1. Calculate how steeply helix 56-90 sits against the longest principal axis of the alpha-carbon atoms of the chain, using the helix alpha-carbon long axis, and give the answer as 0 to 90 degrees to the nearest 10.
2. So for the chain, taking the charge dipole from beta-carbon charges (+1 Lys/Arg, -1 Asp/Glu), which of Phe100, Trp29, Phe48 sits furthest toward the positive end?
3. Compute the FRET efficiency between Leu60 and Leu80 as 1/(1 + (r/R0)^6), taking r as their Cβ-Cβ distance and R0 = 30 Å, and round to the nearest 0.05.
4. Could you give the accessible area per residue of region 15-74, probe 1.4 Å, as a whole number in Å²?
5. Would you please put 108-115, 79-86 in order of how densely packed they are, using the mean number of other Cβ atoms within 10 angstrom per residue and starting with the highest?
6. Between helix 153-164 and the chain, what is the angle of the helix's C-alpha long axis to the longest principal axis, kept within 0 to 90° and rounded to the nearest 10?
7. Based on the inverse mean of 1/r over its pairs of different Cα atoms, what is the Kirkwood hydrodynamic radius of region 104-167, in Å?
8. Placing +1 on the Cβ of each Lys and Arg and -1 on the Cβ of each Asp and Glu in region 33-141, which of Ile67, Thr135, Gln89 has its Cα farthest towards the positive end of the resulting dipole?
Amino acid sequence: MFRAVSLDERSLSTLVVVLAVAVAVLAAWAALIFRDQRVLRSRLRRVFADDARGGLDEVLDREMGRIDKLTERLDALNTLQRELEAAAQRAVSRVGVVRFNPFPDMGGDQSFAIALLDVLGNGVVVSSIHGRGETRVFAKSVAGGRSTHQLSDEEQDAIRRALAGGS
């Protein structure tokens, strides 16, 4: 049935060399596969380290749940940030103060005008006129850096200082 094939010494040595090269290539390939397997196992250990229950599908489901919760929290934080920015627009952030003496015969700058404005120039200017027998306080609304009420020079100066960034 089978016929024996006889090979001469040269053919046999060539066959041995080819087989040795094939074994070396297969050994290198096996080493690469082993290294990749070791890297994959270490990565999987990190994924499964938190909770060893369940398989990869369960781990991925838990992680997707965590991502969904983080997304909800991020959306809530973004909403809060927009609300805080809107509130900050309306908050008093610019103040201008001018002290003055309206009566030359009295000493000291006991009178003042103070502008309390938001970033858009909206707010109020408060002035106090101090005299010998009395002190009067006035408040006038300001919108866009202007008032519909007649302003004194000191009140206008206080508004200019506030809009410029401070007293």
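1. Taking the Cα atoms of the chain, the angle to 56-90 is about 20 degrees.
2. Towards the positive end, the residue furthest out is Trp29.
3. With R0 = 30 Å, the Cβ-Cβ based efficiency is 0.50.
4. Heavy-atom accessible area per residue stands at 90 Å².
5. The most tightly packed comes first, giving 108-115, 79-86.
6. 10
7. Evaluated over region 104-167, this radius sits at 12.2 Å.
8. About the Cα centre, the residue reaching furthest to the positive side is Ile67.
The values are calculated or read from the model by the stated rules, or taken from the named source; none is laboratory data. It should be emphasised that the depicted structure is a prediction, and the values quoted were computed from it without experimental measurement. Every residue, glycine among them, receives a Cβ derived from its backbone with ideal geometry; neighbour counts consider all protein chains shown. The area values use the complete protein model at the heavy-atom level, side chains included, leaving out ligands, DNA and RNA. Shrake-Rupley method; radii C 1.70, N 1.55, O 1.52, S 1.80 Å.
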